[in-house]
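The block underneath contains the structure these notes are about, expressed in C-alpha cells.
The values are calculated or read from the model by the stated rules, or taken from the named source; none is laboratory data. Computed from a prediction, not measured in an experiment: that's the story for all the values here. Glycine also receives a Cβ, built like all others from the backbone with ideal geometry; neighbour counts cover every protein chain displayed.
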C-alpha cells in the first residue's frame, strides 16, 4: 500500500474502511487535449489528487459532465483559448474496488465543506482520495462540482492493467458550440 508520504487522518481511514467497495463496469467520458493519451492520468493539483502524490484519471458518467469540467477551466481564462483543441473520449472501465461517495452528506461527514465544494479548496477531498488509495480502492464515484452528475475518479496504478481501462471512441470537441449551448463567455 502506498500513501505517497502522507499521514492519513485516522477518522477518515476509519470511515472509509466501513464502506464496502463496489465493482464498476461501464463506459465513462473523458475530455483531454488533442494528441494526449486519454488513458493517462494526472499528478497535478486537482480536487481528488494532490500534486505528485498519486496519479488520477478524471472521468464522468455523463458526456456533458466531462465537457463541463474542462469547459469550466477554460472559461477561467481572460480570453477563451481558441487554439487549444480537445477530444472527448469514451472509455470502458472495469474496476473491482470502487468507493461510492456520491452523497454530499457523506463528504461533509468526511470533513468536506460542501458549501465550498465548487471552489478550489481541495485539502479535504485530496485527503479522502489519498486515504482511499492507501486502502487499495481502485477509484471513487463522487459528485461533479460542475454538472449534476457523478464523476468516476480512477487511481491509474490500480486500473491501467490490460483490459481494465480501454479507449472505445474519440471525437473532436466543438467548444464554440458548447459555449453557445451552455451560454459560456
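With respect to (1) over 14 Å from the mean Cα position of the chain (by Cα); (2) under 20 Å from residue 159 (Cβ atoms); (3) at pLDDT 95 or above, the lone exception for residue 32 is condition (1). Exactly one residue out of 106, 136, 118 is more than 13 Å from the chain's Cα centre (by Cα) and within 18 Å of residue 25 (Cα to Cα): that is 136.
Taken together, the residues in region 83-95 that are over 19 Å from residue 135 (Cα atoms) and in contact (Cβ under 8 Å) with a residue 60 or more places away in the chain amount to 9.
In region 149-185, the residue that is surrounded by the fewest Cβ atoms within 10 Å (Cβ to Cβ) out of those that are closer than 25 Å to residue 49 by Cβ and free of Cβ contacts under 8 Å to residues at least 24 places away in the same chain is 162. The residue pairs whose first member lies in region 96-124 and is in contact (Cβ under 8 Å) with a residue 40 or more places away in the chain, whose second member is assigned to a strand (DSSP E or B) and loosely packed, with under 14 Cβ neighbours inside 10 Å, and whose beta carbons are closer than 7 Å, counting only pairs six or more residues apart or on different chains, are 96/23; 98/23. When 30, 40 are checked against the criterion of being within 22 Å of residue 167 (Cα to Cα), in contact with a helix residue (DSSP H, G or I) (Cβ under 8 Å, 6 or more places away or on another chain), in contact (Cβ under 8 Å) with a residue 40 or more places away in the chain and part of a strand (DSSP E or B), a single residue qualifies: 30. Checked across region 60-74, the condition of being farther than 18 Å from residue 179 by Cβ, surrounded by 21 or more Cβ atoms within 10 Å (Cβ to Cβ) and either free of Cβ contacts under 8 Å to residues at least 60 places away in the same chain or under 14 Å from the mean Cα position of the chain (by Cα) (or both) holds for at least one residue.
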